[in-house]
Amino acid sequence: MKKTLSILLALVLAMGLLAGCDGGGKKTENNGDDIAPNSVTAEAQGEQPGDDDFLPADQVKVGFITLHDENSTYDLNFINAAKAACENLGISEDNYLIRTNIPEGQECYDTACDLADAGCNIIFADSFGHEDFMIQAAKEFPDVQFCHATGTKAHTEGLPNYHNAFASIYEGRYLAGVAAGMKLNEMIENGDIKEDEAKIGYVGAFTYAEVISGYTSFFLGARSICPSATMEVTFTGSWYDETAEKEGANTLIHDGCVLISQHADSMGAPTACETAGVPNVSYNGSTVSACPNTFIVSSRIDWTPYYEYAISAVAAGEEIDVDYTGTISTESVVLTEVNEQAAAPGTAEKIAEVRQQLIDEQVYVFDTSKFTVDGKTLDSYMADVDTDANFEGDTEVISDGYFHESEYRSAPYFDLRIDGITLKDEKF
């Protein structure tokens, strides 16, 4: 059963094992009552831990593997969360190791093994392509816990020491889209553009479900405010390529896109927007210092609650969820402050209003009454949740009038191509 971080730390404290730990972990609010259908616990997969498995929280040794370094907004987001979680749990710098610029190949396996050999009790990796190599390492080191962000295979692999995690970032992107819609409406009202010129540009990395889910939720958020909005998406074929991302943004601007967002990890698109004077909704952190005139807002996953939860589970001898989805309520999905210099008036208030509607389940991001596919409203869709080589649909994901994203597996599986969005480049 999933336990809150506060319960975990209280349990360890009660046994007198927190000497030297400040006990300052944040509550994740991800208790048993909040378990989504995908949040299968590992209890059924192996033996329950005994008292001998308890470890003082500040003595847990943690390893982190990132695809790039601090220059990537995506990886910086993970690195900041890693440091924050360890600090909150009283883990000294000597007891956590961060390995950056680890490719999605054999290097990941080698690094994971090195971290395990160095005494790490739990190891995290942050990129989709790390998954197979983390699984390989997990099989070799059964006494070490391996946690992988954005992966898809934990719930089918059946390894008691391998886990996936993600968050409902589609809700954060929807809220960022609301901010974009507010800006489009302001531009229409000011006479800067006509209603039929409210075209958004989006720089994506790959045509993966994660990217499709992200740009679609962003578009639906924008269209909920500005009904005439359309969107054009281009792809770079890389998670981090500043030149390609800048060129992609410039191409979209040249094509008449009046606002740009992205799912790519460099400053390429934001700086292109600042140079061209085109409003930008960023991702994974604020770019206001470099783009004060065009940056509106950014959404991101805050991995701190998950890191704290998983590390504390190791400390307390508890099982880690096989597949974990953080939410707005667990403070795993967050937005930066709105840049009032670039945003439309009332944007922050509108975001707060819609955020609460999402929490209260008054609004669903993928409400099937709000979009069509080839002119048709969907009432059924078999998604590829249990990923296989043929990428065949295996799980019904539409019910109660909406597409249930990240509920049957933490990593996104929304791959529908809805009307209103044009893909410029699908070669990746």
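So which of ALA222, ALA249 ends up being crowded, with 20+ Cβ neighbours inside 10 Å, within 17 Å of PHE414 (Cβ to Cβ), more than 18 Å from the chain's Cα centre (by Cα) and at pLDDT 95 or above?
ALA222
Taking MET231 as the residue in question, decide whether it is in contact (Cβ under 8 Å) with a residue 12 or more places away in the chain, part of a strand (DSSP E or B), not small (Gly, Ala, Ser) and not assigned by TED's automatic domain parsing to the domain that holds VAL322.
Considered against the rule, which asks whether it is in contact (Cβ under 8 Å) with a residue 12 or more places away in the chain, part of a strand (DSSP E or B), not small (Gly, Ala, Ser) and not assigned by TED's automatic domain parsing to the domain that holds VAL322, MET231 comes out as yes.
Report the residue count in region 333-352 for those that are more than 22 Å from the chain's Cα centre (by Cα) and in a helix (DSSP H, G or I).
3
Select, from TYR240, TYR283, the only residue that is under 22 Å from GLU353 (Cα atoms) and within 23 Å of the chain's Cα centre (by Cα).
TYR283
Looking for whichever is touching a helix residue (DSSP H, G or I) at 6+ places or on another chain (Cβ under 7 Å), buried (at least 24 other Cβ atoms within 10 Å of the Cβ) and of a type outside the set (Ser, Thr, Tyr) here; the options are ALA272, ALA276, ALA343. Which one fits? Give the steps one after another, and end with the answer.
Numbers: ALA276 fails: buried (at least 24 other Cβ atoms within 10 Å of the Cβ); ALA343 fails: buried (at least 24 other Cβ atoms within 10 Å of the Cβ).
The conditions single out ALA272.
Does THR243 fit the bill of being buried (at least 24 other Cβ atoms within 10 Å of the Cβ), out of contact with any Gly (no Cβ under 6 Å at 6 or more places or on another chain) and over 29 Å from ASP419 (Cα atoms)? If you could, list the steps in order and put the result at the bottom.
On the way: buried (at least 24 other Cβ atoms within 10 Å of the Cβ): no; out of contact with any Gly (no Cβ under 6 Å at 6 or more places or on another chain): yes; over 29 Å from ASP419 (Cα atoms): yes.
No.
If you check ALA44 against the conditions, is it within 19 Å of ASP321 (Cα to Cα), in a helix (DSSP H, G or I) and at pLDDT 50 or above?
Details: within 19 Å of ASP321 (Cα to Cα): yes; in a helix (DSSP H, G or I): yes; at pLDDT 50 or above: no.
So ALA44 fails the test.
Does any residue in region 338-362 that is farther than 23 Å from CYS291 by Cα come within less than 6 Å, Cβ to Cβ, of a residue that is in a loop (DSSP other than H, G, I, E, B) and of a type in the set (A, V, I, L, M) six or more places away or on a different chain, and which pairs are these?
So the pair list comes out as GLN357/VAL363; ILE359/ILE328.
Name the single residue, out of those in region 365-388 being under 12 Å from LEU416 (Cβ atoms) and part of a strand (DSSP E or B), that is nearest to the chain's Cα centre (by Cα).
Per the stated criteria, the residue is ALA383.
State yes or no: is PRO270 under 25 Å from GLY177 (Cα atoms) and either part of a helix (DSSP H, G or I) or without any contact (Cβ under 8 Å) to a residue 40 or more places away in the chain (or both)?
Spelling it out, PRO270 is indeed under 25 Å from GLY177 (Cα atoms) and either part of a helix (DSSP H, G or I) or without any contact (Cβ under 8 Å) to a residue 40 or more places away in the chain (or both).
Return yes when ASP360 is at pLDDT 95 or above and within 26 Å of ALA180 (Cα to Cα) and no when it is not.
On the way: at pLDDT 95 or above: yes; within 26 Å of ALA180 (Cα to Cα): yes.
Taking the combined requirement at face value, the residue satisfies it.
Please find, among GLU318, GLU331, the residue that is touching a residue at least 60 places away in the same chain (Cβ under 8 Å), in contact with a Lys or Arg (Cβ under 9 Å, 6 or more places away or on another chain) and on the phi > 0 side of the Ramachandran plot.
GLU331
For the structure I just gave you, tell me whether THR207 is in contact with a helix residue (DSSP H, G or I) (Cβ under 7 Å, 6 or more places away or on another chain), farther than 25 Å from VAL363 by Cα and assigned by TED's automatic domain parsing to the domain that holds GLN356.
Criteria not met by THR207.
Every residue in region 357-371 that is of a type in the set (Ser, Thr, Tyr) and either under 15 Å from TYR215 (Cα atoms) or buried (at least 19 other Cβ atoms within 10 Å of the Cβ) (or both), please.
Result: TYR364, THR368.
Which number in (1) of a type in the set (Ser, Thr, Tyr); (2) under 18 Å from ALA180 (Cα atoms); (3) surrounded by fewer than 24 Cβ atoms within 10 Å (Cβ to Cβ) marks the one condition that SER289 misses?
(2)
Being assigned to a loop (DSSP other than H, G, I, E, B) and touching a helix residue (DSSP H, G or I) at 6+ places or on another chain (Cβ under 8 Å) is the filter; apply it to region 151-173 and report the residue that is surrounded by the most Cβ atoms within 10 Å (Cβ to Cβ).
Of everything passing the filter in region 151-173, GLY151 is surrounded by the most Cβ atoms within 10 Å (Cβ to Cβ).
When SER380 is evaluated against the numbered criteria (1) free of Cβ contacts under 8 Å to residues at least 24 places away in the same chain; (2) of a type in the set (S, T, N, Q); (3) buried (at least 18 other Cβ atoms within 10 Å of the Cβ), which criterion, by number, is the only one it fails?
So the condition that SER380 fails would be (3).
Tell me, please, whether a residue that is at pLDDT 95 or above, in contact with a Lys or Arg (Cβ under 9 Å, 6 or more places away or on another chain) and part of a loop (DSSP other than H, G, I, E, B) can be found in region 31-39.
no
Checking the condition more than 15 Å from TYR283 (Cα to Cα) and over 21 Å from the mean Cα position of the chain (by Cα), which residue from THR207, THR150, THR230 passes?
THR230
The values are calculated or read from the model by the stated rules, or taken from the named source; none is laboratory data. Note that the structure is predicted; figures quoted are calculated from it, not measured. Because the Cβ atoms are built from the backbone with ideal geometry, glycine has one as well, and the counts that use them run over all protein chains shown.
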